[in-house]
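All remarks here apply to the structure that follows.
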Amino acid sequence: MLKIEYIYWLLGAFLLVAAVLNLRERRRAMAGFWAILACPFLFGDAILAALANGTRWPAQAMGVGVLGLGVMAARGGLRVQADDEAMQAARRDAASRFGNRLFGPALAIPLVTLVLVLAAPYLRWGATPLIEPRQATLVALGLACVVALGAALHVTRAPLATGLSEGRRLLDALGWAALLPMLLATLGSVFAATGVGDAIAAIVGAVIPTDSRLACLLAFALGMVLFTVIMGNAFAAFPVLMAGVGLPLLVLRHGADPAILGSIGMLTGYCGTLLTPMAANFNIVPAVLLELPDQYGVIRAQLPTALALLAVNVALMWWLVFR
Amino acid sequence: MNYWPLLGVAVVVAGFVLRRNPVLVVVVAGVVSGVAAGMNPGDLLALLGSSFVNNRALLLMVLTLPVIGLLEHCGLRERARDWIAGFRGLTLTRFLASYLGLRQVLSMLGLTNVAGHAQTVRPLVAPMSEAAAERSVGTLDETERQRVDALAAATDNIGLFFGEDVFIALGAVLLIQGFYAQNGIHLEPLTIALWALPTAIAAFVIHALRLLHFQRWLERSSRARQARRGADRC
C-alpha cells in the first residue's frame, strides 16, 4: 500500500538535496535550515511512535529544532534572485522552441491528482487498497508531482539534476515563508493545549448581553472572524465559539437551527482566513511566490471581498437560523 | 480560569503589527503562551516538536517545486502569456471569473488540492492574468502588474474557501457534525453541507463584480499614464 509516509520521505530527500546544494556553495545557514526541516519528514512517524510509547526525547529534540529554525529564519533575510536579461532571453527562446508542450507536465499535476483521487477507491490489490484511503488526496498529489517531473524531464530533455537545482532555487526564494504554515499550525496546537481558546470563550461569554438574539449572533459571527484571524484557521475557532456562544446561547436558548448556524458560521470564519497573515499558506506564501514587495499584498486584494461576504453571511444567518 | 496564556495572542498581534519576521513572532508566541500556562520546559519542547511533526502535510506543496522550477526554466510562464495573448475577446475579468468558477466547482467536489498557489497560480494563472490584462490595456507598469498577480492569488483562495464542502462532506462539515454529535444533536452531513450554497453563490457574484471594478480601474490607470506620457512628449 502506498502510504503518505513514503511521500514524506521523498519530500525529506528533496529538502536534503537542497541542503547539500547550499552547503556546496558554502551557504551554511541555508543548508542547516533545510536539513533541520527535513527531519519531520524523514523521522516523523518514528518521533510520533516513540512519543506514544513514552519516549519523549525525539519529540523534545524536534522542539529544539523548531526553536532553532525560528532563530535562523529571523536572522536570514529574504533574497529574491536577480533575473538578468540573458536568462530572460534564454527562457523566451526555450518557450518558442518547446511551445505548448510545456503545458503538459504543468497540467499533469492537477490532472493526475484528480484522476488518482477519483480512482483511489477502486485501486486495490486483493483486499488491500493501493493508496492509503485516509490520506488519498495527499498521496495523489505527491504521486502527481513525481509523474509530472518525469513528464517535464522527458519534454525538456533536461537531466534530473537540473530539475532538482531549479526546484531548490524556488525553495531558497521561498525561504522562511515555506516554513510558516507548519509553524502556525504548531502554534495553534500550543494555544489549544495551553487553554487560550477557553480563556477567550470565557471573556466573550462574560461580555455579551445574552437576552438579545442579535447581540448573540453578532458576537458569534465576529468572534468567529476575530478568533480565526488570531489562530489563522477557522477549524480552530469553530469549537471554541460554538461551545462558548453558538450552542448554549443561539441553539439552546434562542432556538437557532444548528445545521444552518454551523455551516454558515464556519464560512464566516473563512472570511477571517482571508484577512490574516496567520493563514500563511494562503496569504503570505503566494505573496512570496509571486515576488510581491508587500507581504500583505494578497490580503489587501482579498479585503473588500472578505468584508462584503461577512456582511452577507451575517444577514443570511439572521434570516435563516431563527425561522 | 488562567488568563495568562493570552499573552501569546498579544505577542502575535504585536509582532504582525510591527512587521517583525513572522517565523520568530510565532515561535516566541508559542513559548510565551506555554510558559504563561505553567508548562515545564520538557513538556513544552515535546508539545512543540510533536505538533510540528503532526502538521507536516502543510509543506507538501514543496514537492511541486522541481517540476515548476524546471518548466519555468524552459519558459513556461512566457509560453502561458503568449498563449493567452492570442485569444480574442478575453479580458482579465472574464479570465479570472472563469478560474474562480472552476475552482469553486472543483472545491465543491472535494478536489481542493488539484490547484493552488505553487501548482497553478505562479506558473499559469498569474502570467495568464497579466497577459489577459495587457490585451485590453497595453503594457502594465510594475504596480499594476503586482496588483494583477495579487488578485490572481486572492481569486484562487476565494474559489477554494467558498466552494468547499457544498456537495461532498469533507473536513469542515465533518467537524461541524462531530461537534454537534458530541453535544447530543445528530445531523446528516448533507443537510449541513447544502447550506453552504447561498454563501458560495454570493462569493462568486461579489468577487466577479470586484474583478470588473478592478479592470475598470486598470483601464483608467493606463489611460492616465498614456496621457501623461503624451504630455511629456509635447
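Before moving on, here are some points about what is shown:
- Within the stretch A:256-310, tally of residues that are outside any helix (DSSP H, G or I) and either more than 21 Å from the chain's Cα centre (by Cα) or aromatic (Phe, Trp, Tyr) (or both): 4
- Single residue of A:ARG168, A:ARG134, A:ARG124 found to be among the basic types (Lys, Arg) and farther than 30 Å from A:PRO277 by Cα: A:ARG124
- Taking the numbered list (1) surrounded by fewer than 23 Cβ atoms within 10 Å (Cβ to Cβ); (2) among the aliphatic types (A, V, I, L, M); (3) closer than 29 Å to A:ASP294 by Cα in turn, B:ILE158 passes all entries but (1).
Here is a yes/no grid of residues against (1) within 8 Å of chain B (Cβ to nearest Cβ); (2) out of contact with any Gly (no Cβ under 8 Å at 6 or more places or on another chain):
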{"residue": "A:ASP211", "(1), (2)": "no, yes"}
{"residue": "A:MET224", "(1), (2)": "no, no"}
{"residue": "A:PHE238", "(1), (2)": "yes, no"}
{"residue": "A:PRO258", "(1), (2)": "yes, yes"}
{"residue": "A:THR268", "(1), (2)": "no, yes"}
{"residue": "A:ILE299", "(1), (2)": "no, yes"}
{"residue": "A:LEU309", "(1), (2)": "yes, yes"}
{"residue": "A:LEU320", "(1), (2)": "yes, yes"}
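- Residue count for the stretch B:100-118 under the criterion of being more than 7 Å from every other protein chain (Cβ to nearest Cβ) and either in contact (Cβ under 8 Å) with a residue 60 or more places away in the chain or part of a helix (DSSP H, G or I) (or both): the result is 10.
- A:THR210 vs. criteria in contact with a Cys (Cβ under 7 Å, 6 or more places away or on another chain), among the polar types (S, T, N, Q) and either at pLDDT below 90 or part of a helix (DSSP H, G or I) (or both): yes
- The stretch A:42-63 - residue that is assigned to a helix (DSSP H, G or I) and of a type in the set (Gly, Ala, Ser) and, of those, surrounded by the most Cβ atoms within 10 Å (Cβ to Cβ): A:GLY63
- Exactly one residue out of B:LEU96, B:LEU65, B:LEU70 is closer than 22 Å to A:ALA161 by Cβ, touching a residue at least 24 places away in the same chain (Cβ under 8 Å) and part of a helix (DSSP H, G or I), and it is B:LEU65.
- Checked across the stretch A:220-229, the condition of being touching a helix residue (DSSP H, G or I) at 6+ places or on another chain (Cβ under 9 Å), more than 29 Å from B:VAL26 (Cβ to Cβ) and without any contact (Cβ under 8 Å) to a residue 24 or more places away in the chain holds for no residue.
- Among the residues listed as A:ARG92, A:ARG97, A:ARG101, the single one being assigned to a helix (DSSP H, G or I), out of contact with any helix residue (DSSP H, G or I) (no Cβ under 9 Å at 6 or more places or on another chain), basic (Lys, Arg) and within 11 Å of chain B (Cβ to nearest Cβ): A:ARG97
- On inspection, B:ALA202 passes the criterion of being surrounded by fewer than 21 Cβ atoms within 10 Å (Cβ to Cβ), aliphatic (A, V, I, L, M) and facing chain A (nearest Cβ under 8 Å).
- Of the helices (runs of 4 or more DSSP H) lying entirely inside the stretch A:122-200, those carrying at least 3 residues that are crowded, with 23+ Cβ neighbours inside 10 Å and not assigned by TED's automatic domain parsing to the domain that holds A:ALA74 are A:176-193.
- Being crowded, with 24+ Cβ neighbours inside 10 Å, at pLDDT 80 or above and more than 30 Å from B:VAL17 (Cα to Cα) is true of A:LEU261.
- Every residue from the stretch A:113-137 that is in contact with a helix residue (DSSP H, G or I) (Cβ under 6 Å, 6 or more places away or on another chain), over 13 Å from B:GLY110 (Cβ atoms) and either aromatic (Phe, Trp, Tyr) or facing chain B (nearest Cβ under 9 Å) (or both): A:GLN135
- Looking only at the stretch A:193-209, and only at residues there that are farther than 17 Å from A:GLY272 by Cβ and within 24 Å of the chain's Cα centre (by Cα), the one that is nearest to the other protein chains (Cβ to nearest Cβ): A:THR194
- Failed item, numbered, when B:ILE176 is tested on (1) within 21 Å of B:LEU109 (Cα to Cα); (2) more than 9 Å from chain A (Cβ to nearest Cβ); (3) at pLDDT below 90: (2)
- Taken over the stretch A:18-41, the criterion of being touching a helix residue (DSSP H, G or I) at 6+ places or on another chain (Cβ under 9 Å) and either surrounded by fewer than 16 Cβ atoms within 10 Å (Cβ to Cβ) or of a type in the set (Val, Ile, Thr) (or both) is satisfied by A:VAL20, A:LEU23, A:ARG24, A:GLU25, A:ARG27, A:ARG28, A:ALA29, A:ILE36.
- Filtered by the rule that a residue be at pLDDT 85 or above and on the phi > 0 side of the Ramachandran plot, the stretch B:10-62 gives a lone residue, B:GLY38.
- Subset of the stretch A:1-35 (residues that are in contact with a Phe, Trp or Tyr (Cβ under 8 Å, 6 or more places away or on another chain), within 14 Å of A:CYS145 (Cβ to Cβ) and either of a type in the set (Asp, Glu) or more than 10 Å from chain B (Cβ to nearest Cβ) (or both)): A:TRP9
- The numbered conditions (1) facing chain A (nearest Cβ under 7 Å); (2) closer than 21 Å to A:ALA74 by Cα; (3) among the aliphatic types (A, V, I, L, M) are all true for B:LEU76 except (2).
- Residue match in the stretch B:185-193 (condition: within 23 Å of the chain's Cα centre (by Cα), touching a residue at least 12 places away in the same chain (Cβ under 8 Å) and at the interface with another protein chain (Cβ under 8 Å from one of its Cβ atoms)): yes
- Residue match in the stretch B:52-60 (condition: in a loop (DSSP other than H, G, I, E, B) and farther than 25 Å from A:SER96 by Cβ): yes
- Residue in the stretch A:264-283 that is surrounded by fewer than 24 Cβ atoms within 10 Å (Cβ to Cβ) and in contact (Cβ under 8 Å) with a residue 60 or more places away in the chain present: yes
The values are calculated or read from the model by the stated rules, or taken from the named source; none is laboratory data. As the structure is a computational prediction, the values presented were derived from the model and not from experiment. Ideal geometry is used to build each Cβ from the backbone, glycine not excepted, and the neighbour counts take in all protein chains shown.
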